[in-house]
Amino acid sequence: MGPPGVGKGTQAAQMQALLGVPHVSTGNILRVAIQQEGSPLGAEVRKFVESGRLVPDGLMGDLIAERLERKDARDGFILDGFPRTLEQVAILDGVLGRLGMALDRVLMLKVPESEIVRRLSGRRTCPACGTVFHLESRPPAVAGVCDACGAKLIQRPDDTEQVIRERMKVYAEQTLPVAEAYGSRGLLIEIDGFGEVDAVRSRLSTGLERV
Ligand SMILES: [Zn+2]
């Protein structure tokens, strides 16, 4: 868990390599589902995404269940991007219960809001291939141009300061209760997410060992 821009995806990908269990991100699940021709769940997801509507929690739960049932998740998984609300916590509880699985830990990355704004507002995305750059930490070789495919980079509306502050507010309102819920189950570990990727990763590993 953690606010937008805290580095959840980056860290989850590293933990995947470290722990040998798949990184299950809701963003990825949705992308894959949409690409699957002939899949009933995929067709359902496409309806929502193409009309710009949010995928309902129940459908997201079905997609997560389908993903966790696969062989590579049998010995564990890292879930990223879900649950973000108390309603989604209940849905995940249901999914895990049906599959006979349980969460071992909930790791929450914490970073000051000013740092989040700095990180996200510097982000530039390639609309053609999806590669993400950063004006400070990962600038493209030629300003404004994608290294991978040569397309012109854009700043996603989500990455402007005003929208970032709004998302932080939503995060605080919806997701902090989720942290409290997992805290009361004794699963929550808070990790300082400030600093270099390697330093944060090592704090996450230490956090995992601590319990
Ligand atoms: Zn590109």
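Can you check what the net charge comes to around residue 15, using other residues whose Cβ is under 12 Å from the Cβ of residue 15 (Lys, Arg +1; Asp, Glu -1)?
Local net charge: +3.
Full extension from residue 66 to residue 84: what is 0.36 nm times the residue separation minus their Cα-Cα distance, to one decimal in nm?
Net length gain for the segment: 4.6 nm.
What is the ratio of the Cα radius of gyration of the chain to 2.2 N^0.38 Å, with N the residue count, to two decimals?
Cα Rg divided by the expected 2.2 N^0.38 Å: 1.05.
Using 0.36 nm times the number of residues separating residue 19 and residue 141, minus their current alpha carbon distance, what extension gain do you get?
So the extension gain works out to 40.6 nm.
With an 8 Å Cα cut-off and a minimum separation of 6 or more residues, compute the relative contact order for the stretch 142-211 in percent.
Answer for the stretch 142-211 is 13 percent.
Taking all protein chains as present, what is the carbon and sulfur share of the accessible area of the stretch 1-88, in % to the nearest whole number, probe 1.4 Å?
Looking at the stretch 1-88 in its full context, I get 52 percent from C and S.
Out of 39, 121, 25, any idea which swings most in a Gaussian network model of the chain, alpha carbons joined below 10 Å?
39
Run through the DSSP bridge list for the chain and note the antiparallel percent, rounded to the nearest 5.
45 percent
So what's the gap between the Cα centers of the stretch 138-171 and the stretch 53-86, to the nearest angstrom?
Their Cα centres are 26 Å away from one another.
Sorting check: for 191-201, 54-64, which peptide has the highest mean count of neighbouring beta carbons within 10 Å, and how do the rest follow?
54-64, 191-201
Given an 8 Å cut-off on Cα distances and at least 6 residues of separation, report the relative contact order of the chain as a percent.
Once normalised by length, the contact order is 24 percent.
Quick test of the membrane-span-like rule: which DSSP H helices of the chain reach at least 18 Å along their long axis (C-alpha atoms) with mean Kyte hydropathy at least 0.5?
Within the chain the helices that satisfy the rule are 86-99.
For the chain, set up a Gaussian network in which alpha carbons nearer than 10 Å are linked by springs, and say which option among 38, 183, 97 fluctuates the most.
Evaluated over the chain, the most mobile residue of the options is 38.
Calculate the spin-label point distance for residue 187 paired with residue 37, positioning each point 7 Å from the Cα along the beta-carbon direction, and give it in nanometres.
Here the modelled spin labels are 3.9 nm apart.
Just flag the GluC sites (Glu not before Pro) in the stretch 35-90 sitting in loop per DSSP whose Cβ has no more than 13 other Cβ atoms within 10 Å.
37, 69
Which residue, 77, 133, 48, has the most motion in a Gaussian network model of the chain that connects Cα atoms within less than 10 Å?
Taking springs between Cα atoms under 10 Å, the residue moving most is 48.
Specify whether the C-alpha gyration tensor of the stretch 1-76 places it in the rounded, prolate or oblate class, a ≥ b ≥ c being the square roots of the eigenvalues: rounded for a/c under 1.5, otherwise prolate if a/b is larger than b/c and oblate if not.
oblate
In debye, nearest 20, what is the charge dipole magnitude of the chain about its Cα centre with +1 on Lys and Arg Cβ and -1 on Asp and Glu Cβ, if you could check?
Approximately 280 debye in magnitude.
The values are calculated or read from the model by the stated rules, or taken from the named source; none is laboratory data. What you see is a predicted model; the values in this text were computed from it and never measured. Every residue, glycine as well, gets a Cβ built from its backbone with ideal geometry; the counts of neighbours run over all protein chains shown. Accessible surface areas use protein heavy atoms only, side chains included; no ligands, DNA or RNA. Shrake-Rupley method; radii C 1.70, N 1.55, O 1.52, S 1.80 Å.
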